[in-house]
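Bear in mind that the values in this text are calculations on the coordinates, not laboratory data. Keep in mind that this is a model prediction, so the values were computed, not measured. Here the Cβ is made from the backbone with ideal geometry for all residues, glycine too, and neighbour counts use every protein chain on show.
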Amino acid sequence: MILADKITNLRKKNGWSQEELAEKMQVSRQAVSKWESTQTVPDLEKILALSRLFGVTTDYLLKDEIEEEEFTNEPDRAPVKRVSLALANEFLEWRRRAAKRIAAAAFLCIVAVIPLLLLSAAAEMPKHIVSENFAAGVGLTVLLVLVAVAVAIFVSCGFKNSPFEFIDKQPFEKEYGVDGLVKEKQKAYRVSYVKSNIIAACLCVLSPIPLFVGAFTEKEFLIVAMLCLTLFIAGLGSVLFILVGVRFASMQKLLKEGAYARRGERKNNIKEAVSTAYWLVATVVYLIWSFLTNDWEITWIVWPVAGILFAVVTCLLNLLLGRDTEQN
């Protein structure tokens, strides 16, 4: 039995298509086809890789007279989980539902402080619409309740995601047809993904406008109301980012694209470096502005604005890194 036949038999025995074997070997499907049709012979490096992949000796692959498979004496490796079409569909459907829940929880965390801000501002008004104790008590109660609901949603999503944790944490193989299914869904969803990211980025960029408008008035309640409107608009932008981001990321995980590709570790390092630099710059701006003007009661505005713009920076970075992956 010649090498070409052995490669074909071992591939079929593992239930892999030529595309799947090509992906594991990091070669083109045409290369695998040529190996199996005896048009070309794998080089030594590829022979060694095939030996490790199939768990057989190089002698078995190279010697024509050896008919029985000779397995290596390497210790048994942990079985690699396989993603079937049914499991892929189940995972994508779950992430679609989870995206709504995670987005709702994030929105609750962002707007939870709004009742406290409004009530506190109302307590400072000359007419004393509410007392300070009432404002603090009710405002803090609402804040804690909303945050508790958000935490419950996050924890619930974490537990329900446990059957799919291996997709995030472990190597996995895909059955035939999974890539085609996910790519089709990704292609159909890409237009909505791009449009939603553009709208979300615009909302986050424009959200400080009410705050800037409020800065021109001396009415404290109006200033606080404008701040609350800023938080609300920024929350809507964040909701959009999360809704489309979670779904698109689930497709990238199955396809091992973008941040989940083989070069994902390098991309994560880039993100961490950009994030660190961003917040260092924000801190420097805050401190310089505060010490030069001594307007500490105003300069705090740097933090909500920086937080809003950070969402935009993160989105743009994801898009750029994702496009770089597609080009390569």
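Computed values, structure above
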item	result
Relative contact order %, segment 3-62, counting alpha carbon pairs below 8 Å whose residues are six or more apart	33 percent
Too-long pairs where the Cα-Cα distance tops 26 Å, listed order kept, from Lys185/Lys256; Lys6/Lys187; Lys81/Lys195; Lys6/Lys256	Lys6/Lys187; Lys81/Lys195; Lys6/Lys256
Order of Glu132, Glu45 - criterion: other Cβ atoms within 10 Å of each residue's Cβ, fewest first	Glu45, Glu132
Debye log10 I(q)/I(0) at q = 0.14, 0.15, 0.17, 0.23 Å⁻¹ for segment 3-62, Cα point scatterers	-0.30, -0.35, -0.46, -0.91
Cβ-based exposure ranking for Met226, Met251, Met125, in which fewest neighbours within 10 Å come first	Met125, Met226, Met251
Dipole axis of segment 3-62 (+1 Lys, Arg; -1 Asp, Glu on Cβ), positive-most option in Ile7, Ser28, Ser17	Ser17
Gain in span if fully extended, Glu19 to Lys127, counting 0.36 nm per residue against the direct Cα distance	31.5 nm
Förster radius 35 Å - calculated FRET efficiency between Lys34 and Ile199 (Cβ-Cβ, nearest 0.05)	0.15
Long-range HN-HN contacts of Lys174 with modeled amide H, under 5 Å	Val83
